[in-house]
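Data block below; observations after.
The values are calculated or read from the model by the stated rules, or taken from the named source; none is laboratory data. This is a predicted model, so every value here is computed, not measured. Quick reminder, even Gly has a Cβ in these numbers, built from the backbone with ideal geometry, and neighbours come from all protein chains shown. Accessible surface is based on the protein model in full, side chains and every heavy atom, while ligands, DNA and RNA are left aside. Shrake-Rupley method; radii C 1.70, N 1.55, O 1.52, S 1.80 Å.
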Amino acid sequence: MSNSIGSKILSGLTLCCALGTGFGHAQTPATAPKLLALDAKQQAALGVQVATPLAANTAQLLASATVNTLPGKDVTVSAPYPGQLSRLWVGVGDRVKAGAALAQFTSPMLGEARRQWQEAQLELKNANSALQRDQAMLDEGIIPAVRVQITRNKQEAAQALVQAREAELRAAGIGANADHDKATMGYASGTLTAPIAGVVTQAFAAVGQRVEPGAVLFKLADDSSLQLDIQLASDKAAQLQVGDAVLVPSREAQAKIVGVSRAVDASQLAKARAVVTQPGRLQVGEVVAITVQAKAPTATSVARWLLPARALTPWNNQSLVFVRQSTGFTAQAVRVLSSNDDMALVEANWPANSQVAISGIAALRALLQKDE
């Protein structure tokens, strides 16, 4: 008897491989599911493992989302002048504080900018001295007040020039500390610093690489606050409401829907945004599978279940699940409401605590095809 069943299994597997995509032309299983008789030893030989679906008592939607920072919480550090990175102090994934050193940047134009800044400082120093002298002469009645006003205007112009030169160096992300940089790394070199505290998400340059002005060198993100950017079909988006809870089981994280756009893009997908309330182990940039818990359950006469997506198998334009019985498995058609890479939400009528196959699906399909 055992040899006969084993022969059926091998024959079915051979037929499965031979048919390839031919399953689409197989007949739909009968209304009364046919039993695929398998004992525990045969199930183990086929690599069949089972899991218990979870009852879904509320309206749930499954989708995928990208983890991003909140608007305004990420920045880029660009090359201020044409030059090169002569040293790197951070890499992707490093956490930095505001003002922390990112890299040493060298450029002849940096030296020129610092020279102009120091010249402006000297001009301001001379203008201050001239204003003090003319003010003293005015107090003694030697010169008219108009001359002091002219001198004061020159002093204010010199002060504005110094501020502009300092602003240029600050905007470059390097700063105006020429004396310190000249002593440590050269007059034409400076330290690129982090404008915010956060994590380095991207680094685009290597040591010695020449870059053009404006080239992006680093991207930093303040990951203390995160959001989920969700893309989903328009029919799913129509069921979402602001305030719906979002779960990310694989990362032990939670979020809350704060915005839904039901307008579809070129790929016919709508968008939603959720603010993370419990970050768990989320990381910026990763794509995660999520479950949205709607506020109100959807009335239905058919039970809803959450089960691993790998338990589903296509069969003649429908989805089948192999449900475990005392002496084997039955193939039962289910209605898939939503799914992502990890989980699927289905409608099906089967007893509570039922178990479904989540591995060895190809072998079970082969046996089903053989019986058909």
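Among the residues making up segment 317-337, those that are more than 37 Å from the chain's Cα centre (by Cα) and not in a strand (DSSP E or B) are 326, 327. Taking segment 178-201 as the range and being of a type outside the set (Gly, Ala, Ser), open to solvent by 50 Å² or more (accessible area, probe 1.4 Å) and modelled with pLDDT under 85 as the test, the residues that pass are 179, 180, 182, 184, 187. Per the conditions (1) open to solvent by less than 60 Å² (accessible area, probe 1.4 Å); (2) in contact with a helix residue (DSSP H, G or I) (Cβ under 8 Å, 6 or more places away or on another chain); (3) among the hydrophobic types (A, V, I, L, M, F, W, C); (4) without any contact (Cβ under 8 Å) to a residue 40 or more places away in the chain, the sole criterion not satisfied by residue 309 is (2).
Is it true that some residue in segment 89-106 is part of a helix (DSSP H, G or I), crowded, with 16+ Cβ neighbours inside 10 Å and either out of contact with any helix residue (DSSP H, G or I) (no Cβ under 9 Å at 6 or more places or on another chain) or not hydrophobic (A, V, I, L, M, F, W, C) (or both)?
No, segment 89-106 has no match at all.
Look at (1) under 17 Å from residue 328 (Cβ atoms); (2) modelled with pLDDT of 50 or more and you find that residue 6 fails only one, number (2).
Which is open to solvent by 50 Å² or more (accessible area, probe 1.4 Å), under 21 Å from residue 74 (Cα atoms), among the aliphatic types (A, V, I, L, M) and without any contact (Cβ under 8 Å) to a residue 60 or more places away in the chain, of 258, 264? First the steps, then the outcome.
Values: 264 fails: under 21 Å from residue 74 (Cα atoms).
Within the list 258, 264, the selection yields 258.
Annotation note: of 70, 85, 161, 122, the sole residue that is touching a residue at least 60 places away in the same chain (Cβ under 8 Å) and either open to solvent by 60 Å² or more (accessible area, probe 1.4 Å) or under 30 Å from residue 255 (Cβ atoms) (or both) is 70.
I'd like to know if segment 203-210 contains one or more residues that are open to solvent by less than 70 Å² (accessible area, probe 1.4 Å), over 29 Å from the mean Cα position of the chain (by Cα), within 23 Å of residue 122 (Cβ to Cβ) and at pLDDT below 90.
Of the residues in segment 203-210, the ones open to solvent by less than 70 Å² (accessible area, probe 1.4 Å) are 203, 205-206, 208.
Then drop every residue that is not over 29 Å from the mean Cα position of the chain (by Cα), which leaves 208.
From the residues that got through so far, the ones that are within 23 Å of residue 122 (Cβ to Cβ) too are none.
No, that holds for no residue.
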